Amino acid sequence: MSEAPSFSVILARPEPPEPMALAKALSAVRRTPLQDQINAAKRAWGILAENLTESEGSRFAGALREAGIETAVVPAPAALPEAQPVKSFESALSDRLILVAAAGMTVTSTTTKTVKEGPSAGQKILSAGILLSTGLPIKIGGSEHTVEKKQTQSDRVFFLDLLYKDPARRRRIDALHFDYSFLQERKLYQVFANFKLLISDLVQTAPAAWRNYGTKVLLEGKPVQTMGYDSLTDLERETRWLLTLQSK
C-alpha cells in the first residue's frame with residue numbers, strides 16, 4: 001500500500017502575524033501553555049506544520065483559522081534549488097527574479113590558543129630577592145606551565161538569496177565577499193551599508209519580485225536585531241514558504 005501524501009499547513013499571506021499572536025493561536029489549538037509555543041511561532045517562518053495527512057492538515061488549519069490565523073493546506077512546500085554563489089551585481093541581474101530574500105544572523109566562533117603562564121615579572125624579582133637574602137629557592141607565583149585558552153567571538157553576517165524562475169535557480173550573496181565596485185561613487189567604507197545599497201538597487205531592477213521579512217527590515221531601516229534569523233536554515237524555511245505561496 002502506498003504511503004499517504006505528505007501535506008503542510010502554511011500561513012496563507014506573505015505578511016506573517018506578530019509572533020505573539022501566532023503563539024497564542026498555537027497555544028489554543030494545541031492546548032499547551034503559551035510559553036511552550038513562543039519559540040515555535042518564532043521558528044515557524046510561515047510553515048506551521050509538516051508531514052501531515054490531508055485530513056490532519058485540514059483539521060489543524062481549520063482550528064488556526066478559528067483562532068484568527070489565515071492558513072492554507074498544501075502539499076510539501078516548494079523545494080529549493082541549490083544555492084550558487086554570486087559575487088558581482090551583473091551576475092545577479094535578471095528579468096526573471098521573483099524573490100529577494102535577505103537575512104542577518106550572529107555567528108559565534110571559538111578558537112583555542114596554547115599559552116605559557118607563570119610568575120609575573122614582579123614575582124620573579126621577589127623570588128630572586130628571597131634567594132639572595134635567605135639562600136632559599138622559593139618561587140613566588142608558581143612554576144611556568146602551558147595552558148589552553150578558549151576565545152569566543154561573535155560577528156553579525158548577512159546573506160542574500162535571489163530566486164529566479166524559468167528555469168528555477170537560486171543564487172546566494174555573502175555580504176562580506178561581494179564586489180561592490182558597481183556602486184562607483186556611492187560605494188561606502190562599510191560592508192553593511194554597501195549591502196543595503198545592493199539590495200535597494202536589485203529591488204529597483206525587479207519591482208515585481210517578492211521581498212522576504214529580512215529584506216523589508218533593511219529597506220525600511222529597522223534595527224537588524226529584529227530580523228530573528230538564527231541561521232541560514234531559517235532563511236531557507238522562509239524562502240520555501242514564500243515560493244509555495246507564489247505557486248498557488
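Among residues belonging to region 212-247 that are in contact (Cβ under 8 Å) with a residue 12 or more places away in the chain and small (Gly, Ala, Ser), point out the one that is most open to solvent (accessible area, probe 1.4 Å).
My answer is 247.
Which pairs turn up if I take residues in region 12-36 that are closer than 24 Å to residue 212 by Cβ and look for partners that are surrounded by 13 or more Cβ atoms within 10 Å (Cβ to Cβ) and β-branched (Val, Ile, Thr) with beta carbon separation below 8 Å, at least 6 apart in sequence or on another chain?
Every condition considered, the pairs that remain are 12/71; 17/69; 19/38; 20/38; 21/69; 22/69; 23/38; 25/69.
Working carefully through the options 83, 101, 76, find the one that is under 30 Å from residue 34 (Cβ atoms), at pLDDT 95 or above and in contact with a strand residue (DSSP E or B) (Cβ under 9 Å, 6 or more places away or on another chain).
Going through 83, 101, 76 in turn, just one is under 30 Å from residue 34 (Cβ atoms), at pLDDT 95 or above and in contact with a strand residue (DSSP E or B) (Cβ under 9 Å, 6 or more places away or on another chain): 101.
If I go through region 186-207 residue by residue, how many of them are in a loop (DSSP other than H, G, I, E, B) and open to solvent by 20 Å² or more (accessible area, probe 1.4 Å)?
5
Please verify whether residue 43 is touching a residue at least 12 places away in the same chain (Cβ under 8 Å), assigned to a loop (DSSP other than H, G, I, E, B) and open to solvent by 40 Å² or more (accessible area, probe 1.4 Å), treating the condition exactly as stated.
no
Just need a number here: residues in region 31-42 that are in contact with a helix residue (DSSP H, G or I) (Cβ under 7 Å, 6 or more places away or on another chain) and among the basic types (Lys, Arg).
Residues flagged as in contact with a helix residue (DSSP H, G or I) (Cβ under 7 Å, 6 or more places away or on another chain) and among the basic types (Lys, Arg) within region 31-42 amount to 1.
Modelled with pLDDT under 95, assigned to a strand (DSSP E or B) and within 20 Å of the chain's Cα centre (by Cα), is that true of residue 172? Reasoning before the result, please.
Working: modelled with pLDDT under 95: no; assigned to a strand (DSSP E or B): yes; within 20 Å of the chain's Cα centre (by Cα): yes.
Against the criterion (modelled with pLDDT under 95, assigned to a strand (DSSP E or B) and within 20 Å of the chain's Cα centre (by Cα)), residue 172 does not qualify.
Filter region 136-161 down to the residues that are at pLDDT below 70 and of a type in the set (Asp, Glu), then identify the one that is nearest to residue 191 (Cα to Cα).
Once the filter is applied, the top-ranked residue is 148.
Within region 230-241, is there a residue that is within 23 Å of residue 95 (Cβ to Cβ) and at pLDDT 95 or above?
Checked against the condition, which is being within 23 Å of residue 95 (Cβ to Cβ) and at pLDDT 95 or above, region 230-241 yields at least one hit.
Across region 166-185, what is the number of residues that are open to solvent by 100 Å² or more (accessible area, probe 1.4 Å), touching a helix residue (DSSP H, G or I) at 6+ places or on another chain (Cβ under 9 Å) and charged (D, E, K, R)?
Residues meeting the conditions: 0.
The values are calculated or read from the model by the stated rules, or taken from the named source; none is laboratory data. Keep in mind it's a predicted model, so treat the numbers as computed, not measured. For neighbour counting, all protein chains shown are included, and Cβ atoms are generated from backbone atoms with ideal geometry for every residue, glycine included. What goes into the accessible areas is simple: the full protein's heavy atoms, side chains included, and nothing from ligands, DNA or RNA. Shrake-Rupley method; radii C 1.70, N 1.55, O 1.52, S 1.80 Å.
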